[in-house]
Amino acid sequence: MATVTASHLVSTVCQVNSHGADTKAANLICMKNQAAITHNGLRFLNMLDRLQMRTNAKAVARQAVKQENPRPWGKIICGKGLNLVFVGAECGPWSKTGGLGDVLGGLPPAMAANGHRVMTVSPRYDQYMDAWDTSVLVEVKVGDKIETARFFHCYKRGVDRVFVDHPMFLEKVWGKTGSKIYGPNAGVDYKDNQLRFSLLCQAALEAPKVLNLNSNRYFSGPYGEDVIFIANDWHTGLLPCYLKSMYQSRGIYMNAKVAFCIHNIAYQGRFPFSDFSVLNLPDRFKSSFDFFDGYETIDAAHAGILESDKVLTVSPYYAQELISGEDKGVELDNIIRKTGITGIVNGMDVQEWNPATDQHINVQYDASTVMDAKPILKESLQAEMGLHCDRNVPVVGFIGRLEEQKGSDVLAEAIPRFIGENCQIVILGTGKKAMEEQIENLETQYPDKARAIANFNVPLAHKIIAGSDFILIPSRFEPCGLIQLHAMRYGTVNAFDRLIQFQ
């Protein structure tokens, strides 16, 4: 059965306004423009393409203006909302390795639009040009030392973006070592990560009390103590423990609550049990961290689940997976069944991922112009990747971390089985060094059909989503990743299960 792509559905009828010219002349003009489509396999936009897309783009822009709310993210209703503080190791676009950064980038503005006062707290890994020094310093005990952390701040899209500045973050990641957020290499953690994220959790608890923020005309001053902390993944598992031991035990933050959100249970923050002493917590919390996996360890996610007021995850289906057994719950299924868990479907940032306004792609489009735009965007992607430009060749895309959970190994094994068909594949991702080398070798094996880019490239991710016919998502288990949501909005078909059948 022949593969059908969006390109096949685009009308090949050429309409020319001849301004009185006879039909024969009009047909000659049409044929000339069609003949100019390719040159040595590279296609450029002919006059008709440009005219058609310019007209459609203007129509899309006019429609967007008509529908646009006076405030891009809705109307803030003063006094109706909550004080929300999102805490995470990543916050896009400033820091991001995957979906966690996307969520902390996109969800807080959506909550601000519903009338809540919203802050995010994340590490300062780089010299962020849009974040200014507040000159506010706090001292926290990390291990056996007193460390001084400084807060940087910017106000974007209704959200107070707060960054914790300390050499544990800035120098480790972008300074002397030029390394990554969690470790020097993919799959290798920094040995002091338990201390780094202890500092983040303690600083995040101080930020609502000590920062006098006045960027928002609806809210001013410190957030105060009536706060809901949304802690994300194991890096923030210490936060509810510190809240209870350091603050509520002294009558501070008595009305504060913590919701612990699991984005990926595969990452839990396990360390030797002897490391509990460096966390500066009372012994009564030992049982919350205690975990036996063949060795006696402490588990930060385990503690976050047990000590928080509410446990959340990123989809109802993933919530069911987490309690289905120790395989999908990664040995925390019994604990999650005990506390209960609520799954809320993940959402994407509809401002960043909007094909009608996306500045990373050559042609903006919406549902009414998608069939015209997709073939052109496909050929643009093919040209940028150095592939033969042909709108009738299906292009398959993959974007994700290169590791077993994401099915990268399954993908590499499956490609030889379908690459012989009339198709092309473009892979973008970083991860384990062996898998990066594996996908890069595909380009050598299939120079006319495969391209692999083993680095982090946001503009290219947008181009792959927009220009591909299909997006492959061969995950062994999936906490509701955002790639499929992005693809659906851009008119790109999701292929979830096909590659798993090759195992």
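The values are calculated or read from the model by the stated rules, or taken from the named source; none is laboratory data. Predicted, not measured: the structure shown is a model, and the values here were computed from it. Here Cβ is always computed from backbone atoms with ideal geometry, including for glycine, and neighbour counts include all displayed protein chains. Please note that ligands, DNA and RNA were not included when accessible areas were found on the heavy atoms of the full protein model with its side chains. Shrake-Rupley method; radii C 1.70, N 1.55, O 1.52, S 1.80 Å.
Assorted remarks:
- Residue tally, condition open to solvent by less than 10 Å² (accessible area, probe 1.4 Å), closer than 15 Å to LEU442 by Cβ and either among the aliphatic types (A, V, I, L, M) or modelled with pLDDT of 85 or more (or both), over the stretch 378-418: 9
- The lone criterion from (1) open to solvent by 10 Å² or more (accessible area, probe 1.4 Å); (2) touching a residue at least 12 places away in the same chain (Cβ under 8 Å); (3) under 19 Å from VAL393 (Cβ atoms); (4) in a helix (DSSP H, G or I) left unmet by GLU436 is number (3).
- Answer from ALA466, ALA495 - the residue that is touching a Leu at 6+ places or on another chain (Cβ under 7 Å) and either basic (Lys, Arg) or modelled with pLDDT of 85 or more (or both): ALA466
- Summed over the stretch 339-375, the residues that are open to solvent by less than 40 Å² (accessible area, probe 1.4 Å), without any contact (Cβ under 8 Å) to a residue 60 or more places away in the chain and either in contact with an Asp or Glu (Cβ under 6 Å, 6 or more places away or on another chain) or more than 19 Å from GLY99 (Cα to Cα) (or both) give a count of 1.
- Flag for SER368 being out of contact with any Leu (no Cβ under 6 Å at 6 or more places or on another chain), closer than 16 Å to ASP469 by Cα and among the small types (Gly, Ala, Ser): no
- Counting the residues of the stretch 272-298 that are more than 21 Å from LEU205 (Cβ to Cβ) and either of a type in the set (A, V, I, L, M) or outside any helix (DSSP H, G or I) (or both) gives 9.
- Here ARG117 passes the criteria (1) surrounded by fewer than 18 Cβ atoms within 10 Å (Cβ to Cβ); (2) touching a residue at least 40 places away in the same chain (Cβ under 8 Å); (3) among the basic types (Lys, Arg) except the one numbered (1).
- Condition check for ALA452: open to solvent by 20 Å² or more (accessible area, probe 1.4 Å), assigned by the TED database to the domain that holds LEU377 and aliphatic (A, V, I, L, M): no
- For the stretch 324-338, the set of residues classified as closer than 19 Å to SER288 by Cβ and surrounded by 15 or more Cβ atoms within 10 Å (Cβ to Cβ) consists of GLY329, VAL330, GLU331, LEU332, ASP333, ILE335, ILE336, listed by residue number.
- Figure legend. Inter-residue proximity from the stretch 86-105: first residues part of a helix (DSSP H, G or I), second residues among the β-branched types (Val, Ile, Thr), beta-carbon distance below 7 Å, spacing 6+ or different chains. Indicated pairs: LEU104/THR120.
- The residues of the stretch 154-164 that are touching a strand residue (DSSP E or B) at 6+ places or on another chain (Cβ under 9 Å) and either surrounded by 19 or more Cβ atoms within 10 Å (Cβ to Cβ) or outside any strand (DSSP E or B) (or both), listed by number, are GLY158, VAL159, ASP160, ARG161, VAL162, PHE163, VAL164.
- Members of the stretch 266-299 that are touching a Lys or Arg at 6+ places or on another chain (Cβ under 8 Å) and among the β-branched types (Val, Ile, Thr): THR297, ILE298
Conditions tested, residue by residue: (1) touching a strand residue (DSSP E or B) at 6+ places or on another chain (Cβ under 7 Å); (2) over 23 Å from ILE483 (Cα atoms).
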position: SER408; (1), (2): yes, no
position: ALA414; (1), (2): no, no
position: PHE418; (1), (2): no, no
position: ILE425; (1), (2): yes, no
position: LEU428; (1), (2): yes, no
position: MET435; (1), (2): yes, no
position: THR444; (1), (2): no, yes
position: ASP448; (1), (2): no, yes
position: ILE453; (1), (2): yes, no
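- Of all residues in the stretch 201-222, those satisfying the criterion of being open to solvent by less than 10 Å² (accessible area, probe 1.4 Å) and either touching a Ser or Thr at 6+ places or on another chain (Cβ under 7 Å) or of a type in the set (Ser, Thr, Tyr) (or both) are CYS201, LEU211.
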